[in-house]
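Asks: Before I ask anything, let me first share the structure, which is written out below as structure tokens.
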Amino acid sequence: MKRTLAILFILTIIFSMTAFANSAEPPGITIIVTNPPKDLAISIDNPTDEYNPSSFRQTSKLWETYYHLYYSNALAIEGKLYACEFIISYNGENHTIPMPSDILPLSSYSNVLTLDLDDHTIAVYDNPMRTYMLVALRVALTLLIESFVFFTMFGYRKRSSAIVFFVTNIATQTFLNAMFTGPNLGTYWTIGYFFVELVVFAAEMLVYAVFLHEQSRKTAVSCALLANFVSLFIGGALISYLPI
């Protein structure tokens, strides 16, 4: 035993190598803009230090565009911003907007703001109705996808089967989509989305097997499996294009 451990130790030293791993994204700011001009650009000006100015990277989702800035890459020391101002540029004009006083110093890890181009103001995001509407939109699209599999491909017709389908899917898909919402989702959200989908797979297969009696239990489980596979890939693709 000791000889084996010694050999393993020596081999570990001889064949050691450097490994690299990704860390979580640093803290940052996300600004939501609805229907922005095509040439809209946002940067931040901090006259108190050398980071001057720093531009936001841009992500477009149909009628919304998100502008992201990470502190550690640009302008903050120990997670704090100082006398910063936003520079909003579009249509050949620049507009300077002060940092909202109610978020300084930025204590949250991911800070979500909104830009109103009509009066050139930036405020802390506070619109839960937007979140509810976007979750409802994604749930409705998922129901449309899975209903095609359920009713058309597997031929379920009874009212009792339809009730099981809609109650189960509204519950599971609302849970799933509520967990993955917000413009400040990190780049690793797809990993979490995949694993939560596995839980949804298992839950729907179990419910269908127990409560769907129109066809065999094997058919019910197969239906849940196929419907979730289809919604996993199509729904995942849709989320990448829809506002979140």
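The values are calculated or read from the model by the stated rules, or taken from the named source; none is laboratory data. Keep in mind the model is a prediction, meaning the values are calculated, not measured. Cβ coordinates were reconstructed from backbone atoms using ideal geometry, including for glycine residues, and neighbour counts include every protein chain displayed. Please note that ligands, DNA and RNA were not included when accessible areas were found on the heavy atoms of the full protein model with its side chains. Shrake-Rupley method; radii C 1.70, N 1.55, O 1.52, S 1.80 Å.
Asks: If I go through segment 214-239 residue by residue, how many of them are of a type in the set (G, A, S) and in contact with a Leu (Cβ under 8 Å, 6 or more places away or on another chain)?
Replies: Start the filter on segment 214-239 by keeping residues that are of a type in the set (G, A, S), which leaves 216, 220, 222, 224, 227, 231, 235-237.
Narrowing further to those that are in contact with a Leu (Cβ under 8 Å, 6 or more places away or on another chain): 220, 235.
Residues that pass the stated criteria total 2.
Matching residues to (1) surrounded by fewer than 16 Cβ atoms within 10 Å (Cβ to Cβ); (2) more than 30 Å from T114 (Cα to Cα); (3) without any contact (Cβ under 8 Å) to a residue 24 or more places away in the chain:
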| position | (1), (2), (3) |
| --- | --- |
| I145 | no, yes, no |
| T168 | no, yes, no |
| F180 | no, no, no |
| F195 | yes, yes, yes |
| L198 | yes, yes, yes |
| A203 | no, yes, no |
| A220 | no, yes, yes |
| A227 | no, yes, no |
| I234 | yes, no, no |
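Asks: For segment 188-244, which residues satisfy the criterion of being under 13 Å from F154 (Cα atoms), hydrophobic (A, V, I, L, M, F, W, C) and in contact with a Ser or Thr (Cβ under 8 Å, 6 or more places away or on another chain)?
Replies: The one that is under 13 Å from F154 (Cα atoms), hydrophobic (A, V, I, L, M, F, W, C) and in contact with a Ser or Thr (Cβ under 8 Å, 6 or more places away or on another chain): L212.
Asks: To continue, here is another question. Scanning for something closer than 20 Å to L62 by Cα and part of a helix (DSSP H, G or I), does segment 164-177 turn up at least one residue?
Replies: Yes, the conditions are met somewhere in segment 164-177.
Asks: Taking Y125 as the residue in question, decide whether it is under 30 Å from A220 (Cα atoms) and either among the aromatic types (F, W, Y) or in contact with a Ser or Thr (Cβ under 8 Å, 6 or more places away or on another chain) (or both). Steps first, please.
Replies: Details: under 30 Å from A220 (Cα atoms): no; either among the aromatic types (F, W, Y) or in contact with a Ser or Thr (Cβ under 8 Å, 6 or more places away or on another chain) (or both): yes.
It is false that Y125 is under 30 Å from A220 (Cα atoms) and either among the aromatic types (F, W, Y) or in contact with a Ser or Thr (Cβ under 8 Å, 6 or more places away or on another chain) (or both).
Residue by residue, here is whether (1) at pLDDT 95 or above; (2) open to solvent by less than 70 Å² (accessible area, probe 1.4 Å); (3) within 30 Å of N94 (Cα to Cα) holds:
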site: L117; (1), (2), (3): no, yes, yes
site: D126; (1), (2), (3): no, no, yes
site: R130; (1), (2), (3): no, yes, yes
site: L134; (1), (2), (3): no, yes, no
site: L141; (1), (2), (3): no, yes, no
